[in-house]
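For reference, the structure discussed in these notes is given below.
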Amino acid sequence: MNNSNRKLDESEKKIFLKIQEKFIFDLRKNGIPFKIRHTFNSPLLHGVSLETDLNKVGLISNMDYVESVWPLLSKKYNLENMEKMEGAPNLNSVHKLMKVDALHSISGFSGKGVKVAVIDTGVDFTHPSLGGCFGNGCKVFKGFNFVGTDGGVGHSSTQSTPYDDCIGHGTHVSGIIAAKDHNFVGVAPNSTLSVYRIFGCTQKARITSDVVIRALLKAFEDGNEVINMSFGSGSSWAHYLDSRVASSISRYGTIIIAAFGNTGEQGLWGGGAPSVGNDVIAVGSVDSTRYYSKALRIHSQPEGFFEISGSATNSNFDYKMNEGVLGSSYNNEYGCKEFSSDIQGRFVFVKRGVCKFETKAINAERAGALALIVYNNKAGNAGMLIENHNINIPTVMISKKDGENILDRFQKTSSIQVSVTRGNVEIKPRSGGLVSSFSSIGPGALLEGKPDILGPGGKIFSTYPVSKGGYKQISGTSMAAPYISGIAALWLEQKKKDQGDNIRETNYATEFQDVVKSCSKPVVNLELVDGKKIYSSVAKQGTGLVDAQCVLNNRISISPNQIRLGDSVSLGSQKVEIKIKNNYDYPVTYELKHKPAEALSEHDSRGVYMNFLSSGVLSATVELSTSRITLNPKETKIIEARISPPTNEKNGSFWVYSGYLLMNRVDENKSKSPEKLTVSYIGMLGDYSSMRVLPPKESARAPYITTLKKFVQFYKNLDKLGNITEEEMVSTLKDHNYYFKLMNKEIPVLVVKLDHPTMLMTTEVIEAGTNRNMGFMFPKGINTMMGRSLSRGDIPPLGKNKRYHYILPFLGAGIKLVELKPPISKNRKYGRISTESIEHGGINFDEIVKSSSDIFTDMKKLTLTSDELDTVLYSSLASGSPQELMDFHKVSIERVNMSRRIQSILRRLKQLDSMDLADFLTNSAKKLNITSYSFDVTTKPQMLPESDMGKIKAILTKIPSGRYYYRVRALRPMGKVSKKAYTDEWISPEFVLDTSI
C-alpha cells in the first residue's frame, strides 16, 4: 500500500477535526464532564477516547454522529509464564532448524529495506547488537513512547524515545528480529525497526485498549510493513475494537503477527486475542534443538548434569561442591513449613506447589540453606517470580523429569554431592523442534484452526537491556512471533527485489498468510499416542513449523490451506474444493497424501467436562479426486477433497480431530523449488451447541456463593492450607449461612468457572417466592466474550491467574434492560410497549431520556463498569479490607436515585431478561457472520458492521432487603449442526440480603 494512503489528506482531516470539535462542543453544551484521552483521525478509525461519568454514556451514544461506543478494556503485561535463563548464543542452531541460515549465506537475504514495527515494552537501542543509537541512520530509526512519564498507564503525549531499561521483553523481541553483531545475528539483521512502547516498568502495569489502538495506528501510519505483537489478552475472542483495527490494517496489506499464548498446560481453547483474529497470523512455539544453560551437577555415580533456570533472586551460587538433601526427609516436601537448622550449609530440594516460591525461599534461607532447588510438579517449563528483593538465597527450578531422576538417586542415600557449573553446558532436548509444552492450544472459540503456524520460542537467546547483562535466554510464544516477523521481512525483501517499482495488485499480508501456512511442515507429538507416532493436533500447531526457505522460494498458491470443517453428528462427508496454481515458468507434479493428526478431548463419553486433556487416534476419511497433479506454467487446477469424520470408537466426546494433506514434489525440477507443501483441516465430533459452558450443579466446578471476608481469609492462609485441591477450595469457601448484611460489610460473592468460552454470561437476581426478576446483578451481571476458566493444576496466588475463576460481588444494585424499539423476534413474542405507544399516552419518552440521562445508559458501558470493579475487587482482596468495595457500592447506589415518573415508565415497558439478551446477541452475531464457515478470503479493507445496541437501554435500580436467588445463564457455542443458540442455567440456593443501614 502507498504510504500516502495511510494518512488522511488535509481536506479529510479538516472534516474529521470539525466533527470532533462539534462533539466536544456538544459534550460541554449538555453538561457532560469529560477528559479527552486520545483522538483518532485515521482512514481506519475516526473517534476519541475519553474519561467521563459512566451515567453520561447513554446520552453520548444517542448523538447523531456517534456510530458506536466501546469500553476501554485493560490489558496486562506479565512475566509469570516466561522462563528466563542466562544461556548463550543459540540462534545459529535455530536458524539452521528454520533454514534461515541458507537464506543468509546462500541467497543473501537480510531484510534490507523492510520496516518492522515492534509494539511491546520498548527497546534498549543503546545495545551494540541493536545499532547503539536511535533515529535516522540507526537500526531503531523510529518509535514512540506511549507511557512516557505518566506512570506507565499510556496517557503520555510526549514525543520521547521508546527506551526500555526495566522490563527487557521488547529488547529481547527486537533482537530476534534484527540483531546484528560479530557473533549474534537476528532473522532479518538489516531490517529497520520502529518500536512503540506501551507498557510501563512494573510487572503489574496495565494499559487500556485505546493505547494499543494508538500504537497500531501509529505503526501503520509510519509506513511499517510488518507489525509484531508479542502480547495479548486472556480472551478467546477477537471481536473487540483493538482486534478489529489490527484486522483492518492487515487487509490494507500490512502483515500482522501475534503470539498465541503460553497456556498450553491449561488445555483446549487457550489462545488469546488479538492472535485469534482471522487476519492475524497466530504463532505457537517449538523448542530449540540446542541451547546452553547452567546446570546442576550431581557428583555421585552415575554423574549427571541437570538444566536449571535462572535464579529467581539476585544471589549467585558459590560453585563449590556441597551436600544436597530432600525437604521430604525433614517432613517438609514442599518447603512450605519452617525448616530446622539441619539443612544449614546444604542445598535443599523441594517440590513445586502448595505455597508461593517466596515462602519456600524464606524458609530455606532462615534455616541457613546454601541454595533452594525446586523441582517441578508437572511437565513443561515454568517461570519463578519472587518480588521480595530481600531474599538472598539462590533459588532455581528444575524440570519434573529431572526431579524424578534426582529423587531416584535419593532412594539409595539420604544425601548427594552437588554443585552448579560455572559456565554453560550444551543441552539437546528430546522436545527439540517439537511443540513446546507451554504453547497455547486452540482451536478458536468458533472452531477456527488456531494457531496458524509454529516458530521457535523455547529457550531463545537474544538481546536484553545492557544494564541487565545484555543478553538473556527466554521461552514463550512471545519469542516465536518475532522470529516469524523476521521471516516476513526476508520475504518482503525478495518481493521488492522481484517486482522493483511495479505496483502490485495483490495484498502482501494476504499473500504472506497463504505462503507461510502452505510452507509449514507438521511436527510429530513428543509422546506416543495410543502407542503410535503421530502428528500433533492442528489445534496445537496449525499447519506446522515454518520452512523459511520454502516461504521465499515457493511459487505455488493453494486456497484454502486451512480447512475449517466445524462440528458434525452424522457420518456425512463435506466436499472442499482446493485451488492450486503454478506460478513457476516450468511444469510441476505433486503427489497428495492424507495424514491424520492426534485427536483431543476434555469430555467423557457422557459429555461431562473432565478438566484434563485426552489424546487419541481418530482418523477422518479423506477421498481426493486425484492423488497426483501436474500443472503447467501459470496453470490452475481444482482438487476435490471429500472429508468424512472419524468412525472408529473412542472413549470420550466432543473430540477435536484434524489432519493434513501433504503435497510432495515428484517431478524432475523438484530440486529447483520447494518439495513439500501443506493443507490442514480441523473439525469436531458432535453437536457443538450441546457442549456445556456452565459446569453442572453436581460438579465441584459448579458456581457457588461465598463472602468477600471468606475470600480474603482463604488467600491469607493459602500457604498454610497444604496441597489443597479444587474440591477442597470450594468446600472451604462455600457459604451455607446465606444471610448477608451489606452494612456489616458482609458482601456476597458469586464464583463461576466456565468449561468453554461463551459469548454471553448473565446473572439475574430473582425474588424468592414471587420469582419476580429484579434485574441483572450490577455491575458484573452481563459479561460478553468470556474465555474458558484456566483452572488446572495448582491454585494460583491471588491475581496471578484471573481466569482461574470469575468473581462476581453483589452490591445490592440491579440493572433492568428495556428496548425502546423492540424488533420482531422469530423465536419469541414479547408484547412490549413501543416508544410510539408511550408518546400516544401523553408522555414524550425522548424528553424523559434527555432529562434523565444520568439514569439511562448505553448497555456497552456495563463492561467498562465491570472492569472498574475488577480493579477495586482485587485491591480489596489483596488488602484484606472490603472498604474500597463498600465505597464503590455507595457510589453505585447513589446513581440509583430515580424519580417516580421514571419508575412509572419503567413499569410500562417490557423488561428484557437473559433469554431476550441472548436472542439479541445471537441475532447480532449472525448479522456479523461470525459463525460463517466460508473459505473465501477477502483482501479489501473493511470493518465489520456494528450491532445495533443503542436500542437497548439499561436502568440502574436499588434492590431492597429480601430473600432472593441467582439465575446464572451462559450461551453455549454455536456450530454448523444446530445453528441455534442454547443456554446453560444454574439456580443458586436462596439467600437473604439485608440492605438496611
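The values are calculated or read from the model by the stated rules, or taken from the named source; none is laboratory data. As the structure is a prediction and not an experimental result, all values here were calculated from the model. Ideal geometry is used to build each Cβ from the backbone, glycine not excepted, and the neighbour counts take in all protein chains shown. For accessibility, only protein heavy atoms count, side chains too; no ligands or nucleic acids. Shrake-Rupley method; radii C 1.70, N 1.55, O 1.52, S 1.80 Å.
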- Can you tell me the Rg and Dmax of region 732-782, counting just the alpha carbons, in angstroms? 13.3, 36
- Summing +1 per Lys or Arg and -1 per Asp or Glu among the other residues with Cβ less than 13 Å from residue 595's Cβ gives +3
- So what is the diffusion coefficient of region 348-409 in µm² per second by Stokes-Einstein at 25 °C and 0.890 mPa s, using a Kirkwood Rh over Cα pairs? 205 µm²/s
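What do you reckon, how do 141, 23, 612 stack up by accessible area (1.4 Å probe), largest on top? Intermediate values should be presented prior to the final figure.
Working: 141 40, 23 20, 612 105 Å².
Output order, biggest surface exposure first: 612, 141, 23.
Which values, in whole Å and largest first, are the semi-axes of the equivalent ellipsoid of region 295-422 obtained as the square root of 5 times each eigenvalue of the Cα gyration tensor? Write out the running numbers ahead of the final one.
On the way: eigenvalues 74, 49, 45 Å².
One finds semi-axes of 19, 16, 15 Å for region 295-422.
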- Task: Return the whole-Å distance between the Cα centroid of region 331-400 and the Cα centroid of region 741-775.
- Result: 41 Å
- Item | Virtual spin-label span in nm between residue 528 and residue 328, 7 Å along Cα→Cβ | 2.7 nm
- Message: With the cut-off at 19 Å, tell me which of the pairs 753/802; 575/976; 294/401; 115/142; 112/468 have Cα atoms farther apart than that.
- Response: 112/468
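Please find the FRET efficiency linking residue 318 to residue 24, where r is the Cβ-Cβ separation and R0 is fixed at 51 Å, and quote it to the nearest 0.05. Write out the running numbers ahead of the final one.
Values: r = 65 Å, r/R0 = 1.27.
FRET efficiency, residue 318 to residue 24: 0.20.
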- Query: What's the FRET efficiency of residue 728 with residue 405 using the Cβ-Cβ distance as r and R₀ = 25 Å, to the nearest 0.05?
  - Reply: 0.25
- If you keep only loop residues by DSSP, which trypsin sites (Lys or Arg not before Pro) in region 350-398 have at most 16 other Cβ atoms within 10 Å of their Cβ? 378
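Report Rg(Cα)/(2.2 N^0.38 Å) for region 563-716, keeping two decimals.
That works out to 1.52 for region 563-716.
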- Quick one: which residues, 5+ away or cross-chain, put their amide H under 5 Å from the amide H of residue 659? H built at 1.01 Å from N. 538, 597, 681
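Using 24 Å as the Cα-Cα cut-off, could you pick out the over-long pairs in 540/595; 650/697; 532/637?
Details: 540/595 16 Å; 650/697 27 Å; 532/637 35 Å.
Where the Cα-Cα span goes over 24 Å, the pairs concerned are 650/697; 532/637.
Just the C-alpha atoms of region 419-532: what Rg/Rh do they give, with Rh taken as the Kirkwood radius?
Numbers: Rg = 18.7 Å, Rh = 17.6 Å.
Checking Rg against Rh, the ratio lands at 1.06.
Could you do me a favour and compute the accessible area per residue for region 10-69, 1.4 Å probe, result in Å²?
Per-residue value: 58 Å².
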- Contour minus end-to-end for residue 604 and residue 201, with contour as 0.36 nm per residue of separation and end-to-end as the Cα-Cα distance? 140.6 nm
- Determine ³J(HN,Hα), in whole Hz, for all residues of region 634-648 in sequence, where each value follows from phi through the Karplus function 6.51 cos²θ - 1.76 cosθ + 1.60 and θ = phi - 60°; x replaces Gly and Pro. 6, 8, 10, 10, 10, 10, 8, 10, 9, 10, 10, x, x, 10, 6
- Item | Low-density loop positions, GluC sites (Glu not before Pro), region 229-332 - DSSP coil, at most 14 other Cβ in 10 Å | 303
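Kirkwood Rh, Cα Rg: Rg to Rh for region 658-732? Walk me through the numbers on the way to the answer.
Details: Rg = 26.1 Å, Rh = 18.3 Å.
A ratio of 1.42.
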- Fully extended, how many nm does the chain gain between residue 584 and residue 996 (0.36 nm per residue separation, minus their Cα-Cα distance)? 140.3 nm
- Note on the structure: The answer for residue 143, listing residues at least 5 apart or on another chain whose modeled amide H is closer than 5 Å to its amide H, is 195
- Query: Which whole-number percentage describes the relative contact order of region 555-681, with Cα contacts under 8 Å and a sequence gap of 6 or more?
  - Reply: 35 percent
- Note on the structure: Ranking 598, 623 from most to least accessible area with a 1.4 Å probe gives 623, 598
- Message: Give me the extension gain from residue 221 to residue 35: residue separation times 0.36 nm, minus the current Cα-Cα distance, reported in nm with one decimal.
- Response: 64.4 nm
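Over all distinct Cα pairs, what is the inverse of the mean 1/r for region 514-554, reported as the Kirkwood hydrodynamic radius in Å? Could the numbers behind the result be given before it?
Details: mean 1/r = 0.0913 Å⁻¹.
The Cα-based Kirkwood calculation yields 10.9 Å.
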- Query: So, in nm, how far is label residue 771 from label residue 388 when the simple model puts each one 7 Å beyond its Cα toward the Cβ?
  - Reply: 5.5 nm
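Could you please tell me the mean projected area of the C-alpha convex hull for region 735-815, averaged over all directions and given in square nanometres to one decimal? Before the final figure, lay out each step's value.
Working: hull surface 27.4 nm².
Quarter of the Cα hull surface area: 6.9 nm².
Only loop residues by DSSP count here, and only those with at most 11 other Cβ atoms within 10 Å; note down the trypsin sites (Lys or Arg not before Pro) in region 550-634 that meet that. Provide the component values of the computation, followed by the final result.
Values: sites: 555, 564, 575, 579, 581, 593, 606, 628, 634; in loops: 555, 606, 634.
Those satisfying the criteria are 606, 634.
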- Note on the structure: In units of 2.2 N^0.38 Å, the Cα radius of gyration of region 10-69 is 1.10
